[in-house]
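Scroll down for the structure; my scribbles are underneath it.
Values quoted throughout were computed directly from the atomic coordinates according to the rules given, and no laboratory measurement underlies them. Computed from a predicted model, the values in this text were never measured in an experiment. So basically every Cβ, Gly included, is an ideal-geometry build from the backbone, and we count neighbours across all protein chains shown.
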Amino acid sequence: MKHNMINIDLWRLIAAYGFIVLLLAIVKRRGIRREWKIIIATTRMSVQLILVGYILTYIFEKPNPFISILIVLIMETFAIINIYRQIDEYLSKKMKTVIAISMFSGSIASLLFFNFVVVHFEPWYEPRYFIPIAGMIIGNSMTGITLGVKNMTEGMRKQKNYVEGALMLGAKPEDASKSIVNSAFDSAILPTLNNMLGMGIVFLPGMMTGQILAGASPLVAIEYQIVVLLSITGSTALCVILFIHLGTKLFFNKRAQLVYKED
């Protein structure tokens, strides 16, 4: 039996902002100065989602391969810029290039594999599938590679003496930095693995919940959620391993010496 999705009345939508009022009351009571940040974040979220809703409505009604590709490229651009902003350590031009290449290559490869092999929807640019799936893959890959970059750059700085000591004893750069690199990769994929462990028992993921609310069979929703999560895991791992493979070399010069700011 298929159920129609319940439309939320305007006054009920406004009532949901009561949770924000509750949050504001709590931080005010505790003396935590976050009121304006909460208000700005809530306002931006609301405006951005409303705009996206109108844009997607137009795109869904008039599918176009160039528009679909353009949106994905915009997503990638903002994801890469956001990675740069989240890293406190110094990033050289070469390092930024490596991050961009790793992020773009890994997420796009995973998206294409998902579209042409796993689900194989037609046309391949169908925005109802192409854009939401791309958003989930790119967004989670961005989080993963951000954690990987942050932990590796911090690790190289904090364990400088250890790495240099290993190099002085004759270790190769990849051996001297192996523990730091492995720790960075582990930290990058850990959030995704935790989601996989708790999924279905601790919480129901957003995509699956949305499909069920829209009237889809729970079994169909589960199938989509499984393949999406596997794609996200693969994309995150691919992006991070590409960064590690290309980025680790930038921490060392041709004489196998540890360096930091090399353009």
Handout entry: Electrostatic dipole magnitude of the chain [Cβ: Lys, Arg +1; Asp, Glu -1; Cα centre; debye, to 20]
Key = 980
Exercise for the section: Report, ordered by chain and residue number, the lysines lying within cross-link reach of Lys28, taken as a straight Cα distance under 25 Å and ignoring same-chain residues fewer than 8 apart. Expected result: Lys37
Practice task
Would you mind checking the tilt of helix 18-30 against the longest principal axis of the Cα atoms of the chain, expressed as 0 to 90 degrees and rounded to 10?
Solution key: 50
Exercise for the section: When a/c is below 1.5 the answer is rounded, else prolate if a/b is larger than b/c, else oblate, so apply that to the range 1-138 with a ≥ b ≥ c taken from the square roots of the Cα gyration tensor eigenvalues. Expected result: oblate
Problem - chymotrypsin sites (Phe, Trp or Tyr not before Pro) within the range 6-105, DSSP loop, no more than 16 other Cβ atoms inside 10 Å - result: Tyr17, Tyr90
Fill in the blank from the handout: Expressed in angstrom and ordered largest first, the alpha-carbon extents of the chain along the principal axes are 69, 53, 36
Practice task
Go ahead and estimate [θ] at 222 nm for the chain from helices alone: -39,500 (n - 2.57) per DSSP H run with n ≥ 4, summed, over the residue count, rounded to 500.
Solution key: -24500 deg cm²/dmol
Fill in the blank from the handout: For the chain, the longest principal axis of the Cα atoms and the Cα long axis of helix 35-61 enclose an angle in degrees, to the nearest 10, of 70
Practice task
Straight distance only, please: which lysines reach the Cα of Lys93 with their own Cα at less than 27 Å, same-chain residues fewer than 8 apart left out?
Solution key: Lys150, Lys158, Lys160, Lys172, Lys178, Lys249, Lys254, Lys261
